[in-house]
1. What is the Cα radius of gyration of the stretch B:326-440 over 2.2 N^0.38 Å, N being its residue count?
2. So for the stretch A:378-444, taking the charge dipole from beta-carbon charges (+1 Lys/Arg, -1 Asp/Glu), which of A:407, A:385, A:420 sits furthest toward the positive end?
3. Between residue B:654 and residue B:545, what is the label-point separation in nm under the 7 Å Cα-to-beta-carbon projection?
4. What distance in nm lies between label points placed 7 Å from Cα along the C-beta direction at residue A:226 and residue B:349?
5. Of the beta bridges DSSP finds with both residues in the protein assembly as shown, what % are antiparallel, to the nearest 5?
6. For peptide B:433-440, compute the average count of partner chain beta-carbon atoms within 10 Å of each residue's beta-carbon.
7. Each label point is 7 Å from the Cα along the Cα-to-Cβ direction; what then is the distance between the points at residue B:256 and residue B:308, in nm?
8. Hey, for residue A:399 with labels 7 Å out along Cα-Cβ, what do the inter-copy distances come to in nm, ordered shortest first?
Number of protein chains: 2
Amino acid sequence: MTDLEKHQRMANAIRFLAIDAVEKAKSGHPGLPMGAADIATVLFTQFLKYDPTAPSWADRDRFVLSAGHGSMLLYSLLYLLGSDDFSLDELKNFRQLGSRTAGHPEYGHGAGIETTTGPLGQGFGNAVGMAIAERLQRDRFGKELVDHYTYVLAGDGCLMEGISQEALTLAGHLKLNKLIVFWDDNGISIDGRVEITDSTNQQERFAASGWNTIDIDGHDPEAIADAIRQAQASDRPTLIAAKTTIGFGAPTKAGTAKVHGAPLGADEISGTRDALNWPHEAFEVPSDILDAWRIAGLRSAHAHKDWQKRFADADTETRADFERRNRGDLPAGFTQAVLDYKKKLAEDQPTMATRKASEAVLGVINEVVPETIGGSADLTGSNNTKTPQTLPVTPDDFSGRYIHYGIREHGMAAAMNGMALHGGIIPYSGGFLIFSDYCRPSIRLAALMKQRVIHVMTHDSIGLGEDGPTHQPVEHFAALRAIPGLTFFRPADITETLECWQLSLESRDGPSVLALTRQNLPSVRKTFEEGNLCAKGAYVLADSDDEAAVTIFASGSEIEIALDAHKELTEDGIAARVVSVPSFELFEAQSEDYKAAVIGSGGVKIAVEAGIRMGWDRFIGNDGVFVGMSGFGASAPYKALYEHFGITKDAVVAAARERLGA
Amino acid sequence: MTDLEKHQRMANAIRFLAIDAVEKAKSGHPGLPMGAADIATVLFTQFLKYDPTAPSWADRDRFVLSAGHGSMLLYSLLYLLGSDDFSLDELKNFRQLGSRTAGHPEYGHGAGIETTTGPLGQGFGNAVGMAIAERLQRDRFGKELVDHYTYVLAGDGCLMEGISQEALTLAGHLKLNKLIVFWDDNGISIDGRVEITDSTNQQERFAASGWNTIDIDGHDPEAIADAIRQAQASDRPTLIAAKTTIGFGAPTKAGTAKVHGAPLGADEISGTRDALNWPHEAFEVPSDILDAWRIAGLRSAHAHKDWQKRFADADTETRADFERRNRGDLPAGFTQAVLDYKKKLAEDQPTMATRKASEAVLGVINEVVPETIGGSADLTGSNNTKTPQTLPVTPDDFSGRYIHYGIREHGMAAAMNGMALHGGIIPYSGGFLIFSDYCRPSIRLAALMKQRVIHVMTHDSIGLGEDGPTHQPVEHFAALRAIPGLTFFRPADITETLECWQLSLESRDGPSVLALTRQNLPSVRKTFEEGNLCAKGAYVLADSDDEAAVTIFASGSEIEIALDAHKELTEDGIAARVVSVPSFELFEAQSEDYKAAVIGSGGVKIAVEAGIRMGWDRFIGNDGVFVGMSGFGASAPYKALYEHFGITKDAVVAAARERLGA
């Protein structure tokens, strides 16, 4: 058997495992694994630094299957290399309930799945973040401990999605030379030939943003290996445009859209076995080929052992720091720093916008938590996400802690997911809340993957004023509260902002959004509380001596209105309470007793929030009073807008009186 | 005064109106109008086919200020040209409540604002749609009636957003040679110099997708004019990269981020007046310059008159058809065609997925409504949006009615907005519901602008099965219902699908989303009803003889479960009702009496929907029972998923019994 024959048989093992799994599931995408098997075989057997016995080794190379529908490619590779998580039985259980082998690769289902992919372009964006993280960590810990590549396999769909432009321009700008992207250039998308929808020269496009580009036959193992070697030596990120045939080997369907997303069917499979000279049963890999794969799986053990030696040689402090960051533990001094600052705030009682409050809080956090990496999508001065500790990262200097992400909300959020997945880093962003819509697919994936990424989103309502309805969130509180696993915070003052930041950082298993104001707000928390009141999601901020006739629920900037109404009602002898609701999600996680007590059993219930009502019925019932927005905002100074839309103390008091018949 | 001096003074009129309005409002963006004034002056005085006395003339050129923060550029131009809507008083009222001169250009605030811009990149995407619409209409009505350009002014931000890639690749592929984009290449974004975040050669990038590109000094009027002439003669869309100085003329702030988004301040304004030799009071335009502008405003009257003559010469049928389509009226035969088909369905009672139902309905609609233009983001066979009437549009043939949008959901939705804004076309899309997240910013703008665009979004829940949680909408019903002005439909069978399509087409003042299933559903509407029951948003689908002890609310595919539960409860002697809820928004628009009657006063209330609970408390109260999802889905055959997540007839019946203590 020549080397080429051996390569081809090893690649065929991937092809047939994919074919057989899709056929058995009666569902799935055989075309990509069949087309990209040669690329994957070369990459995984000769280059990828990946030890199946230690699949979470921090210095492994990352492989991201951005074209996630080709999931069987990844599952087959992991099985063949000897992964504990991906047995042959798992492959046979493809796309079934409870299997590790979901329709698209799901992070957490097994080691070797570096990120959840499927929504096109996301994996590419994640990979850019992973490559940023590698570069950051290399700067901090030296190349003895951190020195790995990030490889991506992307399809035409990944490259057509707009997010790919944000990802590639960020990577090109930052000169992420250890990022190597294979474009599986098979010329086919679901509707047919790519040329019916696109006429882009992808190599020229990437080159226009500073990429190294290489053009190869994606079925030629030597060309693939040469290209990877060239890419590894480049001082820029590399696109390897690999011409492939989708469904390679299928006698009648190869090279057509028919092989993309459906089982081949018995006849076509039989023909493919003949064409590729693979006379084996379904799911059978001949022992010599399985052995060859398993030997390839042992390839990185040396590199891993060498790394362990280098790690053991590092000084104790470095080792401890490296391990702490990678575990995701916060530094020991964090909690005390928060408490000290909270004490100070209780004394100072500052009036400030919560975006400014967040900046002040970040100044405390970034001092004690060195693994935070901040940034903004070109709104640094508006989002207030930069602190004295966070100098900018530049293409030539990754010692900084602040990324000017450019006007790329989607690319930013996807990169942050990649940074969190890489490990060792806590990324936080800056943007306008309205533009959460621009990066919503990535926020959702952070939630699905349970990743600690923190989005600072300022200018959170009509309170931003003159920029008008295109910039004023109205439905965004509801829309973000709707995403499972995401914690949406809307703090009312600087102390709540501090508490919400603390909760975001302590939330190791999910993303957070902090919605912050442009406009000034008074301090509403008058006394020092050691406990984190925001951790309850909602709590009684102002109480009544008697049983409350009125309860006013509010969040963020509308707490001020609620407290003013509370004061007026109290002065009028109407017993009233104010409940601050910084987070719906954390409230729902409380005990039934606590929730019932906060909501209260009787009386008039009023919610005040400068957004739509959706979600508030949980607190006020569908017969409660909602003081807020029912449509889009307008362009005007913000105080005029609050008056215009009737979100005022007077409106709250009048509603309470009307309901009470007082 | 030389021509150059005259040009410069005319451009300075724009600059100072912008400076003065921003200063008076104490808010706004002077930098762009100052930098782009030369481009705008050349374009509006020498090229743009725009008649201020007939600003809605169908064959006018379109000008899209994609960099919407520079709104004062547009308002100044419209005032100077003699627009009725933009008086000097309006300019003085910039960014104030009720003014036409909002912070960002708002469609509907005055003629000449062709689209709402501000969220970056959207205007570019709209313009691609306008240019597509022009090309389509030109094919249908001939260049005697339709022959105009679409001009765009885009900033660095527009070009960094991913949507720009989707827009430019679509335009390049379709060879939209009447699309001319000025890139205001001022090298500055909010965080500083663009080079701190991006290293892209934009001309190479556009050229890689088939664009003509031209590089000019954006302050040289002859160069600008030459470039426009070259662009007009091109067989491809053109990018004019115009090097400009942001805040041109400001002595200390020009060319810096300081002039982007804040008033210049009195000293800097005074210095700018000196530098540009503009010794006039605030808001004062010397009469010779105003005259020159007003004369420029008369320039297109001839072209308009000639067009009117050509239009008068057209045959009666063509004139009527052209006017009907541009008014947005549906053809006379539409209602009857819907009714005839509905009668047939009542007899046939077909079982089919609602995506297939939609295809059948579209076959009826597209036969009688020639102005529908369908498409899909590369999921034609899955979305079922193509019918025999809709042949593909290709770069060389725009006689078709179907656009293969490619894997570009965001670009597609933005282009559809532009097509609707252009007039004469009803665009509908195809995509997976999960990817509504990818195009949400454009859907929101359609709602804000009250445009009739229709999004067909299939694979609407865990019912899509094996593709798993990355593809299964869970929070998307709530998130879309949250957008003000958008009508979200989730029909339960083919008859409801027909009714929802009818409502979407009849909704002239807003966009619609049709959420449709992958999986088969039975017909649940058993009898022919002349009225459109879905128009009520919610209606009683199955009633009880006695007062209902249980009311089950459901939508879409879960109606089948609700009806099965209804049957079992009824057989057990428990009086139950089923309310079908195809649209929350239309329900809210009904009379209080109707709503109260549908919701019912007592009994157990249960909602069933394969999404999250948010929003359903409106129907069931916060003490009602919700049978649905509380987190992400999973990868498995869909029937297994419904069982796994407990969205079953048995769960509904059990909940009803438990509540009744039965």
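No lab work stands behind these numbers, since they all come straight from the coordinates. Everything numeric here is computed off the predicted structure, so don't read it as measured data. Note that each Cβ is placed from the backbone with ideal geometry, even for glycine, and that neighbours are counted across all protein chains shown.
1. After normalising by residue count via 2.2 N^0.38 Å, the value is 1.11.
2. Toward the positive end, the furthest listed residue is A:420.
3. Simple spin-label model gives 3.0 nm for this pair.
4. Computed distance between label sites residue A:226 and residue B:349 equals 6.9 nm.
5. Once the DSSP bridges in the protein assembly as shown are tallied, antiparallel ones form about 15 percent.
6. The shielding value for this peptide is 5.
7. Taking the simple label geometry, residue B:256 and residue B:308 are separated by 5.2 nm.
8. Reported distances to equivalent positions: 6.9 nm.
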